[in-house]
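To start, the structure under review is shown below, and the notes come after it.
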2 protein chains.
Amino acid sequence: MKPWEKYTPELVADLYELTMAAGYLEEGMSGEAAFSLFIRDYPKYRSYFVSAGLEHLLEIIPEFRFDKDSLEYIASLGRFRPEFIDYLRDFRFTGTIRAIPEGRIFFAQEPLIEVTGPIIEAQIIETLVLNVMQLETMFASKAARIVHAARGKGLIDFGMRRAHGVDASVKAARSSFIAGFVGTSNLLAGRLYGIPVFGTMAHSYVTSFECELDAFLAFARAFPEGTVLLIDTYDTIAGALKAVDAAKIMAADGKSLLGVRLDSGDMAGLSRQVREILDQAGFPDIKIMASGNLDEFAIEELAGKGAAIDMYAAGTRLCVSADAPYLDIAYKLVEYDGRPILKLSSGKKTWVGKKQVYRFYGEDGKMNHDRLCLHDESDTAAEPLLETVMVDGKPTRKPEPLETIRSRIASEFMRMPEPLRDILTRANYRVEISKTLQELDDRISNEKRREEVEAVLEQHDPPRS
Amino acid sequence: MKPWEKYTPELVADLYELTMAAGYLEEGMSGEAAFSLFIRDYPKYRSYFVSAGLEHLLEIIPEFRFDKDSLEYIASLGRFRPEFIDYLRDFRFTGTIRAIPEGRIFFAQEPLIEVTGPIIEAQIIETLVLNVMQLETMFASKAARIVHAARGKGLIDFGMRRAHGVDASVKAARSSFIAGFVGTSNLLAGRLYGIPVFGTMAHSYVTSFECELDAFLAFARAFPEGTVLLIDTYDTIAGALKAVDAAKIMAADGKSLLGVRLDSGDMAGLSRQVREILDQAGFPDIKIMASGNLDEFAIEELAGKGAAIDMYAAGTRLCVSADAPYLDIAYKLVEYDGRPILKLSSGKKTWVGKKQVYRFYGEDGKMNHDRLCLHDESDTAAEPLLETVMVDGKPTRKPEPLETIRSRIASEFMRMPEPLRDILTRANYRVEISKTLQELDDRISNEKRREEVEAVLEQHDPPRS
């Protein structure tokens, strides 16, 4: 796919969404289904997730229609009857979506989204819903950890070049911005979302000049405001000394050098030496910025070693969520035509029924625990996390501004128990299962095990290893 | 970004590409630059890379123009002089690209692409070139390993839901297809590239019916050709017995059940039991397909345990390249205005100058070693890997059909030394440095170290830790 190519969301689907849909249609199955989107378990080191992606999903769902080209392509596969193609021609999603808003902390097994509607409709959008929700939730969850590790130091996203395509790069920029980054190098994200853009020079700029100092001075002439010089092209210490020379020449002209950037080597030690060089030369205000394979782990280590770094750029490891490049996210049928549903597949627990998550706070105002309930249980003492955001296929509210979501994450983080924030140790937040949910789940599990498994095995006496 | 939104490639750029370009323009630097795109080192377990992404790059570069909206956005940043905006208005890439064609085996430090042209032009496209080339090369390199591990068994890409956005998902489908997969579940990739699409049912289909056997029979009625039944929803063995019942009912109607799919549990043991059930029931032709977190490591393990699996689906771990979600790819200035260039940054070796890679074969027809040379060295006994693919910003040949690239990978794999194919052990393929390149690199390194580092440090006597 070319990055400028326009395409329609209805083909953001695995083929089986259509074969199942055709199967439902064939059987006349028009009952209401409820699907639950949740993350089964945590990646290593992770103790929480940050919700993101909902705003995009709410924009896309109403546009999910089958255009002429898509219908022709689907018909050309030779698998579907004309009645199904006719059905798709008039397709639109007419259901309801309840969701945890963007920028909230949530936990494994908690539904991030519940989609209710005619089973064909709720099935056909599965792949799109998963793709959109995983990507941004993964990035926001990673970025929140980096923000925590940076302890108030400014953070910029530099990852566009190594993100998995352009779509991923702009979503990484948006997700990291709502998590607390100050901006991005990504021009497309800057234009699409109004996120502040940052950036100065690469090694190629420095090396294109006969000598490093000439490169510094030329750049300062072109961009006297906000100049940041990359000083590790040949040797970081020699580079810092030349940056001092450049700062002096700029000062003579009434200009100030904003900062220097380190991109390789032992950045804890180098940053302290560079700080000393800058301070001794009378430039205590020149900032030191660091980049190069940084994420929460590297930043935590630098902080622990007393690095003198004022600002960090996180690139690749943020934009591919390097330590956890996917979430174990699932979209499961939990109710059909009033019948609570679950599957028993080994190692893949799904809680039965439409649900709500209630959050309980302690007297200190911090999150104390959550309770996973059936959707019609109520608890006035606690805060429900899922809200209705779409009815009859239309959003029930205006899109949330980025700043609203950004503030929400910041305030969620304040209310999160301290141990959960730690980036190196998994902490367990208590997610209770309500008695009603547990009983229903037990009853349906037992029934299914008896009907679908035990009766069959007794009858056949198959080989067991 | 919405998945159907049209956008232009010129904002697939980090801001610094523009600040550097403006700096070059300001200094009147119009000399010819050569940039080299290469991968610095191997991810763990990896011994080779498979080139991919070039065809997309060749399509995009000629479209890289600054449209009115983009120019307005760039001007709105308030950083650039009107002369630079005027320059961008007329921008097009007029340079030359030499590249290793798609579907070839290549190694760390070997240039995958060399871009030659006016320095501003070759700089501005940096982020785009890196983003496009890393993504598909990463996927093709991962997929080739999976194909090897599958030992001739059919492979299907199932990863759209967990890929990092839609762009990544279609590129994973394309890259895995050229590496030897038989197809994908991804409808958009099917439409865009004509890749065969596959897929049948999810757990939601099975659970939407009152009982599993009803779901199987309904699906077989809707899709009597090519039916594959997912049998692990409640219990894989009970599911296999019900699949036998379904197969018998289909047989009575003159139809054949194509296969069953396992998606959880101990798939080596379960597949053997299911095979036995199917064989004993008189259905030796029903295929067993496996899915669920499969990649080369899992498939190798299954094969080692004697799994009775006829076909594999690789999803998440393929589509995020889970064990190596990025490559250490770089785009470095190696020559400017006739002057050979390198940087000395610690741990980030860049070879100086425009280069060619020559490949030497042994008497057995297998790859013996490569030699990294300056571009104007010639060696008639060996095969040059880089070809000229773009001149004056225009492709010099027609796009290569997918089948051509797919055949090329297959034949490359045949010529690859056996130890390199192993998926668990890093093997070293010899990449020699030509004497001429080594001498030039040493000379420039020494000059730069003397001029840029030693002279400065002697003069200043800075703090050294």
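Worth a mention:
- Qualifying position, being without any contact (Cβ under 8 Å) to a residue 24 or more places away in the chain and of a type in the set (A, V, I, L, M, F, W, C), among B:LEU230, B:LEU262, B:LEU217, B:LEU192: B:LEU192
- Qualifying residues in the stretch B:223-276 (those that are among the β-branched types (Val, Ile, Thr) and in a helix (DSSP H, G or I)) - the one surrounded by the fewest Cβ atoms within 10 Å (Cβ to Cβ): B:ILE249
- Conditions (1) surrounded by fewer than 21 Cβ atoms within 10 Å (Cβ to Cβ); (2) closer than 19 Å to B:ASP441 by Cβ; number of the one not met by B:ALA322: (2)
- When the stretch A:175-219 is filtered for residues that are part of a loop (DSSP other than H, G, I, E, B), small (Gly, Ala, Ser) and farther than 17 Å from B:ARG79 by Cα, the ones remaining, listed by number, are A:ALA179, A:GLY180, A:ALA202.
Quick grid of which residues meet (1) of a type in the set (Asp, Glu); (2) outside the structural domain of B:GLY353 (by TED's automatic domain parsing):
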{"site": "B:LYS2", "(1), (2)": "no, yes"}
{"site": "B:THR19", "(1), (2)": "no, no"}
{"site": "B:PHE35", "(1), (2)": "no, no"}
{"site": "B:ASP41", "(1), (2)": "yes, no"}
{"site": "B:LYS44", "(1), (2)": "no, no"}
{"site": "B:TYR48", "(1), (2)": "no, no"}
{"site": "B:ALA52", "(1), (2)": "no, no"}
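- Residue check for A:PHE139: of a type in the set (Phe, Trp, Tyr), more than 14 Å from every other protein chain (Cβ to nearest Cβ) and under 16 Å from A:ILE329 (Cβ atoms): no
- Any hit, the stretch A:121-142, residues being part of a strand (DSSP E or B), of a type in the set (S, T, N, Q) and outside the structural domain of A:ASP263 (by TED's automatic domain parsing): no
- Within the stretch A:244-270, being small (Gly, Ala, Ser) and away from chain B (no Cβ under 11 Å) holds for A:ALA246, A:ALA247, A:ALA251, A:ALA252, A:GLY254, A:SER256, A:GLY259.
- Hits in the stretch B:116-136 - residues which are out of contact with any strand residue (DSSP E or B) (no Cβ under 6 Å at 6 or more places or on another chain) and either of a type outside the set (A, V, I, L, M) or at pLDDT below 95 (or both): B:GLY117, B:PRO118, B:GLU121, B:GLN123, B:ASN131, B:GLU136
- Scanning the stretch A:70-84 for any residue that is more than 11 Å from chain B (Cβ to nearest Cβ), exposed (fewer than 15 other Cβ atoms within 10 Å of the Cβ) and at pLDDT below 95 turns up nothing.
- Qualifying residue in the stretch A:311-330 (condition: closer than 19 Å to A:ILE97 by Cβ and assigned by TED's automatic domain parsing to the domain that holds A:PHE35): yes
- Any hit, the stretch A:299-321, residues being more than 28 Å from the chain's Cα centre (by Cα), among the charged types (D, E, K, R) and within 12 Å of chain B (Cβ to nearest Cβ): yes
- Considering B:GLY338, B:GLY353, B:GLY362, the condition of being over 21 Å from the mean Cα position of the chain (by Cα) and surrounded by 21 or more Cβ atoms within 10 Å (Cβ to Cβ) is satisfied by B:GLY353 alone.
- Of all the residues in the stretch A:379-403, those that are in contact (Cβ under 8 Å) with a residue 12 or more places away in the chain and on the phi < 0 side of the Ramachandran plot number 17.
- Of all positions in the stretch A:284-298, at least one carries a residue that is more than 13 Å from chain B (Cβ to nearest Cβ), under 30 Å from B:ARG317 (Cβ atoms) and buried (at least 19 other Cβ atoms within 10 Å of the Cβ).
- From the list B:ILE146, B:ILE97, B:ILE113, the one residue that fits, being over 17 Å from B:GLU10 (Cα atoms), touching an Asp or Glu at 6+ places or on another chain (Cβ under 6 Å) and modelled with pLDDT of 95 or more, is B:ILE146.
- The lone exception for B:HIS164 - which of (1) surrounded by 22 or more Cβ atoms within 10 Å (Cβ to Cβ); (2) more than 7 Å from chain A (Cβ to nearest Cβ); (3) in a loop (DSSP other than H, G, I, E, B) it fails: (2)
- Restricting the stretch A:21-57 to residues that are closer than 27 Å to B:LEU192 by Cβ and within 16 Å of the chain's Cα centre (by Cα), the residue that is nearest to the other protein chains (Cβ to nearest Cβ): A:HIS56
- Verdict on A:ALA172 being of a type in the set (Gly, Ala, Ser), surrounded by fewer than 19 Cβ atoms within 10 Å (Cβ to Cβ) and either modelled with pLDDT of 95 or more or not in a loop (DSSP other than H, G, I, E, B) (or both): no
- Considering only residues in the stretch A:93-106 that are surrounded by 15 or more Cβ atoms within 10 Å (Cβ to Cβ) and in a loop (DSSP other than H, G, I, E, B), the one that is farthest from the other protein chains (Cβ to nearest Cβ) turns out to be A:ARG104.
- Within the stretch A:55-78, residues that are aromatic (Phe, Trp, Tyr) have Cβ atoms under 6 Å from residues that are surrounded by fewer than 20 Cβ atoms within 10 Å (Cβ to Cβ) in these pairs: A:PHE66/A:PHE91, counting only partners at least 6 apart in sequence or on another chain.
So that you can scan it fast, the table gives a plain yes or no per residue for (1) more than 25 Å from A:PHE139 (Cβ to Cβ); (2) more than 7 Å from every other protein chain (Cβ to nearest Cβ); (3) charged (D, E, K, R):
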{"position": "A:ALA324", "(1), (2), (3)": "no, yes, no"}
{"position": "A:LEU327", "(1), (2), (3)": "no, yes, no"}
{"position": "A:LYS332", "(1), (2), (3)": "no, no, yes"}
{"position": "A:LYS343", "(1), (2), (3)": "yes, no, yes"}
{"position": "A:PHE360", "(1), (2), (3)": "yes, yes, no"}
{"position": "A:ASP364", "(1), (2), (3)": "yes, yes, yes"}
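- Comparison of B:SER208, B:SER185, B:SER204 shows that the only residue that is over 37 Å from the mean Cα position of the chain (by Cα), more than 22 Å from B:PRO284 (Cα to Cα), facing another protein chain (nearest Cβ under 7 Å) and surrounded by 24 or more Cβ atoms within 10 Å (Cβ to Cβ) is B:SER208.
The values are calculated or read from the model by the stated rules, or taken from the named source; none is laboratory data. Keep in mind that what you see is a predicted model, and the values were worked out from it rather than measured. Positions of Cβ are generated from backbone atoms using ideal geometry, with glycine treated the same way; all protein chains shown enter the neighbour counts.
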